[in-house]
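Visitor: Please see the structure below; I have some questions.
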Protein chains: 2
Amino acid sequence: MSTSGLNMSRRIRRTPYTDRVEQHGVRGFSVVNHMLLPKAFQKTVEEDYWHLREHVQIWDVSCQRQVQITGPEAARLVQWMTPRNISKARVGQCMYVPLVDERGGMVNDPVLLKLAEDRFWLSIADSDVLLWAKGLALGARLDVKVIEPDVSVLAIQGPKAEDLLASIFGQAVRNIRFYNFDFVDFKGTRQLIQRGGYSKQGGFEIYLNDSSLGSALWDLIWEAGQAYDISPGCPNLIERVEGGLLSYGNEFTLDNNPLECGMGKFCTLDGTVDFLGLKALQGIAAQGHQREIRGVLFDGGPGPVCGKPWPVIADNVHVGQITSAMWSPRIKRNVGLSMIERSHWASGQAVIVQCPDGVARPGEVVALPFP
Amino acid sequence: MSTSGLNMSRRIRRTPYTDRVEQHGVRGFSVVNHMLLPKAFQKTVEEDYWHLREHVQIWDVSCQRQVQITGPEAARLVQWMTPRNISKARVGQCMYVPLVDERGGMVNDPVLLKLAEDRFWLSIADSDVLLWAKGLALGARLDVKVIEPDVSVLAIQGPKAEDLLASIFGQAVRNIRFYNFDFVDFKGTRQLIQRGGYSKQGGFEIYLNDSSLGSALWDLIWEAGQAYDISPGCPNLIERVEGGLLSYGNEFTLDNNPLECGMGKFCTLDGTVDFLGLKALQGIAAQGHQREIRGVLFDGGPGPVCGKPWPVIADNVHVGQITSAMWSPRIKRNVGLSMIERSHWASGQAVIVQCPDGVARPGEVVALPFP
């Protein structure tokens, strides 16, 4: 991994699980939402990849902060922020919702949890949606309350996650469908558990609503997990890229619209849903968006780490930039994600990836997720 | 320094100066506004402290992102966000402006640069003021444009900064008063230069408005700086704490109001200035705020690094927490910053600082800045 020292301070918030993560010998962090996200433990990324596909892992993803919106106009505010029709969500259901500004630019891409008709959580990527939602609500004088509740997500990911959690919390967790949530009892408290997470290997996320219980929850799962070969982990770069899971700030930013991000299917642009960027997105859709995120499969063995974007060239012109990449030990080629210009976004398009080690690696454009 | 690995990715943005910073052997970073902030080079924090007080340093503080607010209602939006009366600012002047929400909670504490009557920059600490300002403006339908311009601040700090910059940009820079700005020519471009910065040793900040010129600006200053014993640097923890310079996210958060932060002198609460948190702050002021940031001078040699808050105890009760601290080689004691409860905030109050190495270090409350 490409790492440099990270200086710790209160500003880069610890989580209820950081003590445990440190006890497990965490080797590196990233910073998301002003909070620590573990990025490496003792195993290599490749060892973790195989482990995640076969067993079960416990991830501290507390940095997925919740923005809680409650009140008579809560649904109105949430709908104003996203092009996705949220009226179709039931209580107990989750929904992936691109958030856009007035130009259609991506503000974030959270998972929406509908807790009640007037109560929502947005489980966010790396931008201050709390300030965005508060600003909109205060400006428009909406009758809502917007806060960051004391909720710290612990993800249990991998094919053995269901068996492990059923052994702890009972068989009812098996009945939770993908992108739905229910509640479990933990030490006399009621905690939200959702089937989902930032991998394609199956699993759950526990939205612990009491920081003081962090170590106890970790320990309970860790101990029961011994029978399932549990390992401390974190979102795995190989698995994430292969699965086509995007990362706000990496694959897309405020400068990109959801059509460019391949999120057209989540955008209701016929005017039946009113949201901030409606006119802007209608205009972009009418013209046709000019670039879109694709996979790039490219040659060469394990390459340098993609700490800054790598140019993607075709026909001697710049057609994109790789923003996340890793060598896949399963596919035996490098897998990368890149916004690619319309002129070259067709699957099979030959490209050259210019890596910072000076090597130009040939490859081709592929649909997501990777095969 | 207490560091752990930081994983690099596009999401944690590089700056126009990162290439140069790496060439100088940067040993550690922090992340501010989704951007790299160098935190350590070859020298120790203590060596850097003495160097900063005697010579001149070049700091990559691009993470102080600018939020540009322009348009007919720009001044109205800025005033709405802050309790400080901004009508008193002249074009060419800077103003330290606490930003508060509707409860009076601190959203950020930027420096405001008044570029024109209808054009402002907010040079921000670590929160997405871009989203906050945009949200307020869109919600209230204000006639403004809010963007993050391509501006990357390079700070030149230390007693020799003026001589160095006069040698490069001409004698006119000597005429810039503290917290005022002017413009200098650089390679045919016009760049803003302000007298100020995040130290008490004097200096300037250059608001480079063209990323492509980053290395050229660095090189120009670096080469001319050889005659002044220039060194690559960064905000120095000892100097910052001694000087009582606060850090958003460390000493205070959205949960604190500006009165608690010692910013009462920047709050116009008589109703002549209308801003978001007016009623809330009037209520707090009427009751008297219950805690305030103070210095704490405490015993023991160089202690552990303050990566998480340290409890401050007096009369066997918890009266605060140290959020930034370092051993001062000049004062020969540890200097720390802590929000202290009203009951114990008087200068001279004896306290105990409970450090994570298990040592309880005796000390006392002092006024800021440290003597």
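Visitor: Could you grab the pairs with beta carbons closer than 9 Å, sequence gap of 6+ or different chains, first residue in the stretch B:6-27 and within 15 Å of B:Trp222 (Cβ to Cβ), second one among the basic types (Lys, Arg)?
Guide: Qualifying pairs under 9 Å: B:Thr18/A:Lys308; B:Val26/B:Lys39.
Visitor: Pick from B:Leu130, B:Leu136, B:Leu122, B:Leu112: which is away from chain A (no Cβ under 14 Å), outside any loop (DSSP other than H, G, I, E, B), open to solvent by less than 30 Å² (accessible area, probe 1.4 Å) and at pLDDT 95 or above?
Guide: Of the residues listed, the single one that is away from chain A (no Cβ under 14 Å), outside any loop (DSSP other than H, G, I, E, B), open to solvent by less than 30 Å² (accessible area, probe 1.4 Å) and at pLDDT 95 or above is B:Leu112.
Visitor: Does B:Pro98 qualify as being within 14 Å of the chain's Cα centre (by Cα), crowded, with 24+ Cβ neighbours inside 10 Å and in contact (Cβ under 8 Å) with a residue 60 or more places away in the chain?
Guide: yes
Visitor: To continue, here is another question. Looking at (1) within 13 Å of chain B (Cβ to nearest Cβ); (2) part of a helix (DSSP H, G or I); (3) in contact (Cβ under 8 Å) with a residue 12 or more places away in the chain, which is the one condition that is false for A:Arg103?
Guide: (2)
Visitor: Further question on the same structure: For the stretch B:145-153, check the following and say yes or no: at least one residue is in contact with a strand residue (DSSP E or B) (Cβ under 7 Å, 6 or more places away or on another chain), more than 14 Å from chain A (Cβ to nearest Cβ) and farther than 17 Å from B:Gln66 by Cα.
Guide: no
Visitor: Could you grab me the full set of residues in the stretch B:265-306 that are among the acidic types (Asp, Glu) and outside any loop (DSSP other than H, G, I, E, B)?
Guide: B:Glu292
Visitor: Would you be able to tell me the number of residues in the stretch A:158-180 that are under 29 Å from A:Glu47 (Cβ atoms), part of a helix (DSSP H, G or I) and small (Gly, Ala, Ser)?
Guide: Adding up the residues that qualify gives 3.
Visitor: Show me the strands (runs of 3 or more DSSP E) found entirely inside the stretch B:1-94 where at least 1 residues are away from chain A (no Cβ under 14 Å) and crowded, with 19+ Cβ neighbours inside 10 Å.
Guide: So the answer is B:56-60, B:66-70.
Visitor: Go through (1) open to solvent by less than 40 Å² (accessible area, probe 1.4 Å); (2) at pLDDT 95 or above; (3) within 26 Å of A:Phe370 (Cα to Cα); (4) within 22 Å of the chain's Cα centre (by Cα) and name the single condition A:Cys306 misses.
Guide: Of the numbered conditions (1) open to solvent by less than 40 Å² (accessible area, probe 1.4 Å); (2) at pLDDT 95 or above; (3) within 26 Å of A:Phe370 (Cα to Cα); (4) within 22 Å of the chain's Cα centre (by Cα), the odd one out for A:Cys306 is (2).
Visitor: Still on this structure, I have one more. Among the candidates B:Val366, B:Val351, single out the residue that is aliphatic (A, V, I, L, M), farther than 15 Å from B:Trp310 by Cβ, in contact (Cβ under 8 Å) with a residue 40 or more places away in the chain and open to solvent by less than 60 Å² (accessible area, probe 1.4 Å).
Guide: Only one candidate qualifies: B:Val366.
Visitor: Then there is this: Given the conditions (1) in contact (Cβ under 8 Å) with a residue 40 or more places away in the chain; (2) open to solvent by 10 Å² or more (accessible area, probe 1.4 Å); (3) more than 14 Å from chain A (Cβ to nearest Cβ); (4) not in a helix (DSSP H, G or I), and given that B:Phe183 satisfies all but one, which numbered condition is not satisfied?
Guide: Here B:Phe183 clears every test but (1).
Visitor: Further question: For the list (1) more than 14 Å from chain B (Cβ to nearest Cβ); (2) among the aliphatic types (A, V, I, L, M); (3) closer than 27 Å to A:Pro83 by Cα; (4) part of a helix (DSSP H, G or I), I need the number of the one condition that A:Leu217 fails.
Guide: Of the numbered conditions (1) more than 14 Å from chain B (Cβ to nearest Cβ); (2) among the aliphatic types (A, V, I, L, M); (3) closer than 27 Å to A:Pro83 by Cα; (4) part of a helix (DSSP H, G or I), the odd one out for A:Leu217 is (3).
Visitor: Among the listed residues A:Arg27, A:Arg13, identify the single one that is under 27 Å from B:Thr253 (Cα atoms) and either in contact with a Phe, Trp or Tyr (Cβ under 6 Å, 6 or more places away or on another chain) or not hydrophobic (A, V, I, L, M, F, W, C) (or both).
Guide: A:Arg13
Visitor: Looking at the stretch B:210-224, I want the residues that are in contact (Cβ under 8 Å) with a residue 40 or more places away in the chain and have a partner that is among the hydroxyl-bearing types (Ser, Thr, Tyr) and part of a helix (DSSP H, G or I) with Cβ atoms under 6 Å, at least 6 apart or on another chain. Which pairs are those?
Guide: B:Ala224/B:Ser167
Visitor: Identify, please: which residue in the stretch A:142-157 is touching a Ser or Thr at 6+ places or on another chain (Cβ under 7 Å) and in a loop (DSSP other than H, G, I, E, B) and is, among those, least open to solvent (accessible area, probe 1.4 Å)?
Guide: A:Val144
Visitor: Also, I was wondering about something else. Answer yes if at least one residue in the stretch A:208-225 is surrounded by 18 or more Cβ atoms within 10 Å (Cβ to Cβ) and among the hydroxyl-bearing types (Ser, Thr, Tyr), and no otherwise.
Guide: Scanning the stretch A:208-225 turns up no residue that is surrounded by 18 or more Cβ atoms within 10 Å (Cβ to Cβ) and among the hydroxyl-bearing types (Ser, Thr, Tyr).
Visitor: Give the stretch B:228-252 a look and list any residue that's within 22 Å of A:Asn33 (Cβ to Cβ), open to solvent by 10 Å² or more (accessible area, probe 1.4 Å) and hydrophobic (A, V, I, L, M, F, W, C), or say none.
Guide: Of everything in the stretch B:228-252, just one residue is within 22 Å of A:Asn33 (Cβ to Cβ), open to solvent by 10 Å² or more (accessible area, probe 1.4 Å) and hydrophobic (A, V, I, L, M, F, W, C), namely B:Leu246.
The values are calculated or read from the model by the stated rules, or taken from the named source; none is laboratory data. Computed from a predicted model, the values in this text were never measured in an experiment. Glycine also receives a Cβ, built like all others from the backbone with ideal geometry; neighbour counts cover every protein chain displayed. Keep in mind that these areas ignore ligands, DNA and RNA; they rest on the heavy atoms of the full protein, side chains included. Shrake-Rupley method; radii C 1.70, N 1.55, O 1.52, S 1.80 Å.
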